[in-house]
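What follows is a single structure, written as structure tokens, with notes after it.
The values are calculated or read from the model by the stated rules, or taken from the named source; none is laboratory data. Since the structure is predicted, the reported quantities are computational estimates derived from the model, not experimental observations. Please note: Cβ atoms are built from the backbone with ideal geometry, for glycine as well, and neighbour counts cover all protein chains shown.
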Amino acid sequence: MQDFLDAVIFGFRGILKKDAMKFAILSGIVVSVVWFLVGAVFFDSLISMSGAMLDLIPFSMVRSDGAWMLSAFLWLQLVLVTFALVFAFVGTVLANKNNTSKFASSAISIGLASALFWGVVWFFNGSTIYAQLLKLFTWLPFETVEKSLSYLISFYVIYTGIIVSLIFVASAFSVKFLQEIKKSEFPYDLMYEEHEYKNLKQTLKDTSTFILISIISFPLLFIPVLNFIILVALWIWLMKDTLSYDVAAFVFGKIDKEKLKEYKKGLWAITFVGSLFNFIPILNVFAPYFTQLTMLYYLKEKRN
């Protein structure tokens, strides 16, 4: 337990440093731009596909749980707007002072504070917001409700695509990233930098499995609580299965999958913490790198 807590603290501390920040921000910008272009080209197709899938679900469920989805979307928008307004002021002050060391940490702190503030608002007023949105959906015709939810689902697909892409980009550059961390944090510790766990077949298998389960479980996204559990479970599984072998190869050299199972509880817990970043736009770009940092420290301590 202590190794896990120490690893999480190391992950939070390490993600604020320039080495991790460089990888996270650069990959976040590239992946987001790519998915923005994909969305711009195929958005109409995504809306049509979403509408076709909504036709398979009873309207009463679409209306009821669609109000919940819209409520969550409004929360995300308010978090983004609050972050943008506050960071525009704070970022300008730090830039004028040439204080780049606090620039990144301020971004994460403001993002977390924005999410926490609106989370508290929704905690105390969520039922009222939901009731008003449900009343709105009751007044509106089915076609309007379906069209609105098709837009939300299309944004959800694009956002999920960004998250999945970030995980695999982090995996592709894992050795280089971990080498940078080793130089700054563990220069005298033995690490197997020449070992690299790359298995295209497993990567394709993980991606296909993720997509297949996401499609099959689509109707369950309209069931509150269960949708949260499914979403987190998929993110946790994908990050754990993709990143743990990369980090293990760097720490242990040759991977013994049976030996690695001894640390599965800690690795699952680490990926759970990392997956929570995905619920906050902008901070989601740090999720895979935080997970790698935390796994690195955790497995290193277990090896020692």
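Could you list, in sequence order, the residues of the range 133-176 that are more than 24 Å from Ser50 (Cα to Cα) and in a helix (DSSP H, G or I)?
Result: Ile167, Phe168, Val169, Ala170, Ser171, Ala172, Ser174, Val175, Lys176.
Look at Val86 and say whether it is under 22 Å from Ile153 (Cα atoms), modelled with pLDDT of 75 or more and part of a helix (DSSP H, G or I).
Here the answer is no, as Val86 does not meet what is asked.
Test Val79 against the criterion of being closer than 28 Å to Ser171 by Cβ, at pLDDT 85 or above, surrounded by fewer than 18 Cβ atoms within 10 Å (Cβ to Cβ) and of a type in the set (Val, Ile, Thr), and give yes or no.
no
Would you mind stating whether Lys205 is more than 18 Å from the chain's Cα centre (by Cα), at pLDDT below 70 and surrounded by 12 or more Cβ atoms within 10 Å (Cβ to Cβ)?
Against the criterion (more than 18 Å from the chain's Cα centre (by Cα), at pLDDT below 70 and surrounded by 12 or more Cβ atoms within 10 Å (Cβ to Cβ)), Lys205 does not qualify.
Would a scan of the range 22-41 turn up a residue that is more than 30 Å from Ala269 (Cβ to Cβ) and touching a Phe, Trp or Tyr at 6+ places or on another chain (Cβ under 9 Å)?
yes
Which one of these is assigned to a helix (DSSP H, G or I), free of Cβ contacts under 8 Å to residues at least 12 places away in the same chain and charged (D, E, K, R): Asp19, Asp65, Asp44?
Matching residue, one of Asp19, Asp65, Asp44: Asp44.
Please enumerate the residues belonging to the range 141-155 that are closer than 15 Å to Ala72 by Cβ and surrounded by fewer than 18 Cβ atoms within 10 Å (Cβ to Cβ).
Within the range 141-155, Ser148, Tyr151, Leu152, Phe155 qualify.
In this structure, does Ile163 turn out to be among the hydrophobic types (A, V, I, L, M, F, W, C) and either loosely packed, with under 15 Cβ neighbours inside 10 Å or at pLDDT below 85 (or both)?
No; evaluated as a whole, the condition is false for this residue.
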